Structure formats: C-alpha cells, structure tokens
Amino acid sequence: MPATARMVEIIDQFAVHLGVIPPTSDPLQGIEARWEMFRDGGVERPGLAFAAWMDLALVGGVVPPMLANCRDVGTLLDTLARYHPLWGEDEVVVDVNRSGWAAVTLRAPAGAVVHRDTLDAFFAVLARMVGQLTNPPMRPARLSVTSRDGDGYETIATTLRSGAAVDQLEFAPADLATPIALADPTIVAVLTGYADTEVAHRDAHWERRVRAEIRGVVGQLPSLAAVASRLTQSPRTLQQRLLEQGTSYAALLDDERRLRALGLLANRAIAVSTVAHRAGYRSIEGFSRAVRRWTGMSPSEWRNTSTN
C-alpha cells in the first residue's frame, strides 16, 4: 500500500475511535481533508489528538523497528529523514549547524505549506517517540513556532495546549548523543537492506514518470517546478532523484523535445513552424539549431532525408 494511503487508513481508524465518520473512503481525498473533518466535528487540535492516540506499530513496515533500535537520538533522526518517504510524501530535513544543534523540519512537496495539523501530528509523534525510547525520557531542547492562531508559547511543555503550530524541533548536541535504551544494532543492520530496497523500488520509475508528464503537455514544455508540483515533489528533491538514476530534468526535457520534434518533422503535412511550436520552441531559429545539434542537418534537410 502506498505510504500516503496507509497514513490515511490509520487516520480513518482514529476517526472510528472518536466516533467520527470519515468524509470518504478514497485515500486520494488526502490527509488534509480529514484534519478539516475533525475540526468541523469540534476537535480543536486533531493532529495532537491523533499523535497521542497513535501507536507506531500501526504504520507497519521496517521503519518503526529501525528507529527503535538506533544507537542514539542523532542516528534515529538521520534514519527518520532517510526513510520517511516510506511513510509519506513530505520531506523530513535534519540540519546540523556549526554549534552541533540539529533542527528537524517537515517540508511539503513543491514548496507547499504543510498543513498545521500535519505539523502538530508529526512533531508530537517525534517528541513522544524520543521520550519513549530514551531512559530517562528525553525531550527536544527547544522548538521554533509560527503563531497561526494568535497564541504563542515558550516551552515544549505547553505544546498540547498552545494555539500555535510547531514548525521545527531543535536538539542540542548532548541530546543527539543520548543512547536509545534497549537498542539492538543487529536489527538495524538487517532491516536497512529491506528499507533501501523499498526506497529504491518506490523511486525506480521517476524517469518514466517525468517523461510522461513532459509528453502530456502540448506546446511550450513544462518547467522542472511545474513537473515537480504535479508529482508532489520539491524541484530540488525531484532533480536529486533523477541524478541518482543517472539523468537530469534538462537531459530528459531535451530528449523528449528531440523525440517530439523529429516525429512531427517526419510528417510533411505539418509546417516546420508548427513543428517548432509543438516541440516547445519559441522561434524557428532556436528549433533549427536544436535539430542541427541532434542530426547534423537543418529541419528541411532532415525531413527530406527521413521521408525519402
């Protein structure tokens, strides 16, 4: 089951727990629609309520036992950032500054704003999980907030009753070195291979998906940002995924332009100027230079050669 669909299923279980009827059984309606359903039903901070109810075992898969068996909190955060794609489309980022502090943030694909209840749920689950795995229980040292409802707060102890959404959790250097109680590195070593395989399988078809998005546009071909948005990725993340597969968005765009242009150019019934437009070129000159780069001939020369 896709990661997002699995999280929707768990949130729907929470809805049943509260006696709330989910708005739809379709996971494509998404998590945000469900948060709003809870708010309409009178649940003020559904993300926090969900985090208090949820057990990570519900998520299933290899990530929860990997996190539970990391050697320390720093390794847990790195593992969470690396394998979070198996849980959802948002990106977990762990930035360590020169002083050794680690800031954990959650970024939505394509630069979108993360829903406030998703932020509540994510950071509450993370703080709770760290507290459960360390002995004595450890809490993140500090947090950064954006006041979305007019109320701010100063300490993590007020998280559950604050009207603000947590945008970032910060861990001090000593926090990162805190050992995980009962950790078994052998389990992590065994499960890492399975997790890597799942991530690789999930990302194996990025080139095909990008090509499909490019091919679906008539006229001026889409930008990296436009394709990334449709694939619910940030441009930076999508470009990185393509680079890991030995290509880039620019290379795919050029190849798709070539295939489109030469395919159209072979049809003598279509004017060269029309071919240039449909292939995404703004001028005949630019189109001619591209065809010469691909074939060593002008558009007219290539047409005559290919159709004889």
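Key figures
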read-out: About the Cα centre, charge dipole magnitude for the stretch 205-306 (Lys/Arg +1, Asp/Glu -1 at Cβ), debye; value: 140
read-out: Formal net charge of residues neighbouring R289 (Cβ-Cβ distance under 14 Å; K, R +1; D, E -1); value: +2
read-out: Burial ranking of peptide ranges 58-65, 180-187 (average Cβ count within 10 Å, highest at the top); value: 58-65, 180-187
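The numbers here are math on the coordinates, done by the rules we state, and not lab data. Everything quoted here is computed from the prediction, not taken from an experiment. Methodologically, a virtual Cβ is constructed for each residue, glycine included, from the backbone with ideal geometry; neighbour enumeration extends over all protein chains shown.
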